[in-house]
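Asks: Structure provided below as structure tokens; questions to follow.
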Amino acid sequence: MSTFNTRCPSCSGINRIPTERINETPNCGKCQSPLLDGAPIEGTELNFNAILASDVPVVVDFWAPWCNPCVGFAPIFSDVAAERSGMVRFVKIDTESQQNLAAQHQIRSIPTIMVFKNGKRVDSINGALPKSQFDQWLNQALTK
């Protein structure tokens, strides 16, 4: 049985999740908050492939802490994650600490937002968007 670790978006506690349970709705062992829905998940080399393998579409924000547009877009990304809880998973990948993932996905500018379905990228966009435009783009990307 393989597992991956993920940080709780509520209390920052580390939780181990069996990969075969990725399609379930696991809760944090510490605070009982949902681990995979309702808030962006911290993407790492150790958990990203398992998250992509889920049946649920995945929206990924490749960002960096020094990037002002990235920091400005973060609340919008979090709001949309909360609104689409249970329907779509949202992941944030810090390109500074996860350089191999950034290279693997050929990130040239940030923020870069990608949508994955069944582990395959179906759409991407560069740059921060206002919430209404992000919602509109996401609706179109999820129909692909």
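Asks: Over 25 Å, how big is the tail of the calculated P(r) for the chain, in percent of all Cα pairs?
Replies: Values: 2141 of 10296 pairs.
Of the Cα pairs, 21 percent sit more than 25 Å apart.
Asks: Now for a different question. Can you compute 3J(HN,Hα) from phi for each residue in region 128-138, using the Karplus curve 6.51 cos²θ - 1.76 cosθ + 1.60 with θ = phi - 60°, rounded to whole Hz and x for Gly and Pro?
Replies: So the J values, rounded to whole Hz, are 7, 10, x, 4, 4, 5, 5, 4, 5, 4, 5.
Asks: Okay, next question. Highest GNM mean-square fluctuation, the chain, Cα pairs closer than 10 Å: which of Gly119, Gly29, Gly43?
Replies: The residue with the greatest mean-square fluctuation here is Gly29.
Asks: Can you give me the Kirkwood hydrodynamic radius for region 73-144, using every pair of distinct Cα atoms, in Å to one decimal? If you can, show how the numbers build up before the last one.
Replies: Working: mean 1/r = 0.0773 Å⁻¹.
Mean inverse Cα-Cα distance, inverted, gives 12.9 Å.
Asks: Can you compute 3J(HN,Hα) from phi for each residue in region 76-84, using the Karplus curve 6.51 cos²θ - 1.76 cosθ + 1.60 with θ = phi - 60°, rounded to whole Hz and x for Gly and Pro?
Replies: Once θ is set to phi - 60°, the couplings for region 76-84 become 5, 4, 5, 4, 5, 4, 5, 5, 9 Hz.
Asks: Given H placed on each backbone N at 1.01 Å, which residues far from Ser33 in sequence or on other chains put an amide H within less than 5 Å of it?
Replies: Placed amide hydrogens put Cys28 under 5 Å from Ser33.
Asks: Beyond 23 Å between alpha-carbons counts as too far, so tell me which of Lys30/Lys131; Lys92/Lys120; Lys30/Lys120 fall in that bin. Each step should come with its number before you reach the end.
Replies: Details: Lys30/Lys131 32 Å; Lys92/Lys120 17 Å; Lys30/Lys120 33 Å.
From the list (Lys30/Lys131; Lys92/Lys120; Lys30/Lys120), the Cα-Cα distance tops 23 Å for Lys30/Lys131; Lys30/Lys120.
Asks: Then there's this: I'd like the antiparallel share, as a percent to the nearest 5, of DSSP beta bridges with both residues in the chain. Write down the numbers at each step before the final one.
Replies: Values: 17 of 25 bridges.
Around 70 percent antiparallel, to the nearest 5.
Asks: Can you work out ³J(HN,Hα) from phi for every residue in region 109-121, in order, using Karplus 6.51 cos²θ - 1.76 cosθ + 1.60 and θ = phi - 60°, giving whole Hz and x for Gly and Pro?
Replies: Listing the rounded values in order: 9, 10, x, 10, 10, 10, 10, 10, 10, 6, x, 10, 6 Hz.
Asks: State the volume of the convex hull built on the alpha-carbon positions of region 1-40, expressed per residue in Å³ and rounded to an integer.
Replies: Working: hull volume 2.4 nm³, N = 40.
So the per-residue Cα hull volume is 59 Å³.
Asks: Taking amide H atoms as placed 1.01 Å from N in the peptide plane, list the residues 5 or more away in sequence, or in a different chain, whose amide H sits under 5 Å from that of Arg89.
Replies: Val58, Val59
Asks: Per DSSP H run of at least 4 residues, take -39500 (n - 2.57); add these up for the chain, divide by its residues and hand me the 222 nm value, nearest 500 deg cm²/dmol. Each step should come with its number before you reach the end.
Replies: Numbers: 4 runs with 39 residues, N = 144.
Mean residue ellipticity, 222 nm, calculated: -8000 deg cm²/dmol.
Asks: Additional query: If one puts a single equal scatterer on every Cα of region 29-88 and applies the Debye formula without solvent, what log₁₀ I(q)/I(0) results at q = 0.19 Å⁻¹?
Replies: -0.80
Readers should treat all values here as calculations from the given coordinates under stated rules, not as data from a laboratory. Since the structure is predicted, the reported quantities are computational estimates derived from the model, not experimental observations.
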